2 protein chains.
Amino acid sequence: MSFPVPQALRDYARLAEPQLAAFLDAKGAALRGLPVDLSHAHAALRDYVLRGGKRLRGALVLLGHQAAGGRREDVLRPSLGVELLHAYLLIHDDFMDRDEVRRGGPTLHVTLAGAFKNGGPGPGRGAARGPGGESALHLAGSLAILAGSLCEAWALELVLEAQVAPERALAAARHLAPALADVTVGQMLDLAAPQGPELPAAGVLRIEQLKTGSYTFELPLLLGALLAGAAPGLLAALRAYALPLGQAFQIADDLLGVFGAPEVTGKSSANDLREGKRTLLIARALERASPSDAAALRGGLGKPDMSDAEAEALRGILRRSGAEQAARQEAEQLCALAIRALEGGAIPAAIAAELGAIADYTIRRTL
Amino acid sequence: MSFPVPQALRDYARLAEPQLAAFLDAKGAALRGLPVDLSHAHAALRDYVLRGGKRLRGALVLLGHQAAGGRREDVLRPSLGVELLHAYLLIHDDFMDRDEVRRGGPTLHVTLAGAFKNGGPGPGRGAARGPGGESALHLAGSLAILAGSLCEAWALELVLEAQVAPERALAAARHLAPALADVTVGQMLDLAAPQGPELPAAGVLRIEQLKTGSYTFELPLLLGALLAGAAPGLLAALRAYALPLGQAFQIADDLLGVFGAPEVTGKSSANDLREGKRTLLIARALERASPSDAAALRGGLGKPDMSDAEAEALRGILRRSGAEQAARQEAEQLCALAIRALEGGAIPAAIAAELGAIADYTIRRTL
């Protein structure tokens, strides 16, 4: 059973999709006059960006802006920028994690590698001079990294060009730069973690916060609010809503990754277990499980050829240890905390109602 | 014989080096409280950034700012940002081109890969869980990409936090974002070019302009000037100086790559020929050479095991075709054009004199 998508998200997606497509098309047109044909890379990027996604972050930019009394039309383009920022992070992440599937389709480096393997992306010397095997993969990965960085540059452009007073655009950009650094550090920690000692749950939580939590709720809401010149009280209220909800979102994602139905998540629910992802859920199970279960979990995680039966046995440990139940309760509590932060009066009632619905959706989509 | 480094560059480097080191140390200290040890990656990045370089771009930020009547102290931190932006681009470039040496030392992904091969960067499960071979290289490459992106985020932070009027900081940042997109597109073109038909000289020139020309002179000068609220006349004069000089710089770099003494460039002068880099110099030689020389050049370029004698034979073709001589003349002419742009009166005489010396240095270091 799927929980209905909140109205604010549906409205935003309907508004933003065509504008995002138009923006990418305009950028694609500008690439056409260049001496080397990049149409294939552009088409692959366009498809990746427009291939669904919840558009949660863009919608939150609008809501943050409206909470501060701003007009929707002033912040639509910056909100597209935040969606492109998200695409940038996903593209780099996919490459670094060697993921092959995202949003029910191939990741960008996989699409680009496929093109080179088939003899080059267009007319010309393609097949004859085309790099083979490992070299083709490196080229495809490099082009994917660059396409991601291009999304980041475009995101900056869209945020900086907001048609608001200069102090407001500047305040938003000044919030963005350290947030970008935080996400980057979070990703470095995530990649480097398997080289060090096993992390306790608190360490996993901190990495998840840096890597995803902060830019999923806090960044877009505050960016939107700052573009409307929000007062400190409103910024504090938005932050008090965003922080617990970012954590709840991550816990929900961890649960979805292990217990979610493939038809909802778009990928096998054994994936995270096969990859051996050290989520908060896993860290807590390792802390709570009996010594023999903990050993079985440690030994079983990260087997690329894990059978469905083996995956189900690991799920059994997550349930038995109480980690699954504890995670669901914690997501509920964090969500309740986020909703309580909406009640102080700093956030206008209509916007608070939309944010409340988004908070529910954030955790219900899994439970 | 080496041409002396202009006073403005030497002064800037003396001023900026300790500040850049202090900035990186402060960022390193902030990383120390995190749940995974990143001290090794930070140390490698710090060494890479501080390992020399001309600091040309940072110095140009100061000169652009002073040309517009700004105070040096207001723009010192943004100028460090532009040096970090340069480091970001070099780090990504090194990874994508698989270069192993930069500024007389290992590139960042090479340093990081070495650490993993030796059993992990620190205490902990390192060697036991450390990825082997290809996987270690992917992890090292990913961490290098992230360290580069971190430099980019820090660069943004430093530019946006300039202690000048908000309109000025915003104008500078609005200039920066599309310049970042241009450099990224230039790098995409550069990587994709070998997959397409052989480029004429004009195509190579356009790629070099996007990839390096624009951000080496124009971006830092204009950024500095915009941070001081420069008038349109001054911006136009700085652009008229920067555009031809960016091209001259690139031509000089191409010449250095093939004819430069290894003790000046820090790498073998056969490198560019072994890599088969399609520079403007090569494109022009292919257009001018006799059919048999052009065929020999096409056939000889890009052989990883090229002997010194083979490299010298290719240099002979570059000389015989007149491409070398034409490139030197063109660099001279472009430099003269840049220097002429300093004479319109829009740029204060003292700054114009420094920029003139930098223009001379830009091409003399090779000739």
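The values are calculated or read from the model by the stated rules, or taken from the named source; none is laboratory data. In this text, all values refer to a predicted model and were calculated from it rather than measured experimentally. Note that each Cβ is placed from the backbone with ideal geometry, even for glycine, and that neighbours are counted across all protein chains shown. Remember, those area values only see protein heavy atoms, side chains included, never the ligands or the DNA or RNA. Shrake-Rupley method; radii C 1.70, N 1.55, O 1.52, S 1.80 Å.
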Item to check | Between region B:172-219 and region B:33-53, the alpha-carbon center distance in angstrom | outcome: 28 Å
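How big is the A-B contact in terms of buried accessible area, both chains counted, 1.4 Å probe, rounded to the nearest 100 Å²?
Chains A and B together bury roughly 5800 Å² of accessible area.
Please report the relative contact order for chain A, taking Cα pairs under 8 Å with a sequence separation of at least 6, and give it as a percent rounded to a whole number. It would help to have the intermediate numbers written out before the result.
Working: 496 pairs, mean separation 69.2, N = 367.
Rounded, it is 19 percent for chain A.
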Next on the checklist: Could you give each residue of region A:344-352 its phi-based ³J(HN,Hα) in whole Hz, using Karplus coefficients 6.51, -1.76, 1.60 with θ = phi - 60°, and x for Gly or Pro?
Outcome noted: x, x, 5, 9, x, 4, 5, 6, 4
Next on the checklist: In whole Hz and in residue order, list the ³J(HN,Hα) couplings for region B:157-167 that follow from phi through the Karplus curve 6.51 cos²θ - 1.76 cosθ + 1.60, θ = phi - 60°; x for Gly and Pro.
Outcome noted: 3, 5, 6, 5, 8, 3, 7, 10, 4, x, 4
Next on the checklist: Under 5 Å between amide hydrogens, which residues at least 5 positions from B:Arg102 or on another chain qualify, with H placed 1.01 Å from N in the peptide plane?
Outcome noted: B:Thr107
Item to check | Within-12-Å neighbourhood charge of B:Ile363 [Cβ basis; K, R +1; D, E -1] | outcome: -2
Next on the checklist: Given the whole protein assembly as supplied and a 1.4 Å probe, what does the accessible area of B:Val75 come to in Å², nearest 10?
Outcome noted: 0 Å²
Checklist outcome for this item: Partner shielding of A:23-36, taken as the mean number of other chain Cβ atoms within 10 Å, equals 3
Checklist entry - According to the Kirkwood expression over distinct Cα-Cα pairs, how big is the hydrodynamic radius of region A:51-101, in Å? => result 12.0 Å
Checklist entry - From the backbone phi of region B:194-200, what are the Karplus-calculated ³J(HN,Hα) couplings (6.51 cos²θ - 1.76 cosθ + 1.60, θ = phi - 60°) in whole Hz, Gly and Pro given as x? => result x, 7, x, x, 4, 7, x
Item to check | Estimated 222 nm signal from helices in chain B, with DSSP H stretches of n ≥ 4 weighted -39500 (n - 2.57), rounded to 500 | outcome: -23500 deg cm²/dmol
Checklist entry - Rounded, prolate or oblate: which one fits chain A, using the alpha carbon gyration tensor with axes a ≥ b ≥ c (rounded when a/c is under 1.5, else prolate when a/b beats b/c, else oblate)? => result oblate
Next on the checklist: If packing is taken as the average number of other Cβ atoms within 10 Å across a peptide's residues, how do B:212-223, B:352-363 rank, most packed first?
Outcome noted: B:212-223, B:352-363
Item to check | P(r), alpha carbons of the protein assembly as shown - 10 Å bins starting at zero, rounded % | outcome: 3, 14, 23, 26, 19, 10, 5, 1, 0
Checklist entry - Ranked highest first by the average count of other Cβ atoms within 10 Å around their residues, in what order do B:160-171, A:286-297 fall? => result B:160-171, A:286-297
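Relative contact order of region A:257-367, please, whole-number percent, based on alpha carbon pairs below 8 angstrom and at least 6 residues apart.
Once normalised by length, the contact order is 23 percent.
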Next on the checklist: How large is the translational diffusion coefficient of region A:1-120 in µm² per second when you combine the Kirkwood radius over alpha carbon pairs with Stokes-Einstein at 25 °C and 0.890 mPa s?
Outcome noted: 154 µm²/s
Checklist entry - If amide H atoms are built 1.01 Å from N in the plane of the peptide, which residues on other chains or at least 5 residues away come under 5 Å of the amide H of A:Gly260? => result none
Item to check | Cα gyration tensor category, rounded, prolate or oblate, for region B:240-319 with a/c compared to 1.5 | outcome: oblate
Item to check | Alpha-carbon Rg with Dmax, taken over region B:275-319, Å | outcome: 9.6, 26
Next on the checklist: Quick check: Cα centre of region B:59-122 to Cα centre of region A:296-351, how many Å?
Outcome noted: 40 Å
Checklist entry - Counting only protein chains, not ligands or nucleic acids, how are A:Val36, B:Val5 ordered by accessible area (probe 1.4 Å), most first? => result B:Val5, A:Val36
Checklist entry - On average, how many beta carbons from a partner chain sit within 10 Å of the beta carbon of a residue in B:174-181? => result 6
Checklist entry - Counting only the heavy atoms of the protein chains, how much of B:Met306 is accessible to a 1.4 Å probe, in Å² to the nearest 10? => result 10 Å²
Item to check | Sequence of B:Lys277, B:Lys303 from largest to smallest accessible area, 1.4 Å probe | outcome: B:Lys277, B:Lys303
Checklist entry - For region B:1-123, what relative contact order do you get, as a whole percent, if you take Cα pairs closer than 8 Å and at least 6 residues apart? => result 25 percent
Checklist entry - Given label points at 7 Å from Cα along Cα→Cβ, what nm distances, shortest first, separate A:Ala350 from the same residue in every other copy? => result 5.8
Checklist outcome for this item: Under the rule rounded for a/c under 1.5, else prolate if a/b exceeds b/c, else oblate, using alpha carbon gyration tensor axes a ≥ b ≥ c, region A:303-367 is classed as prolate
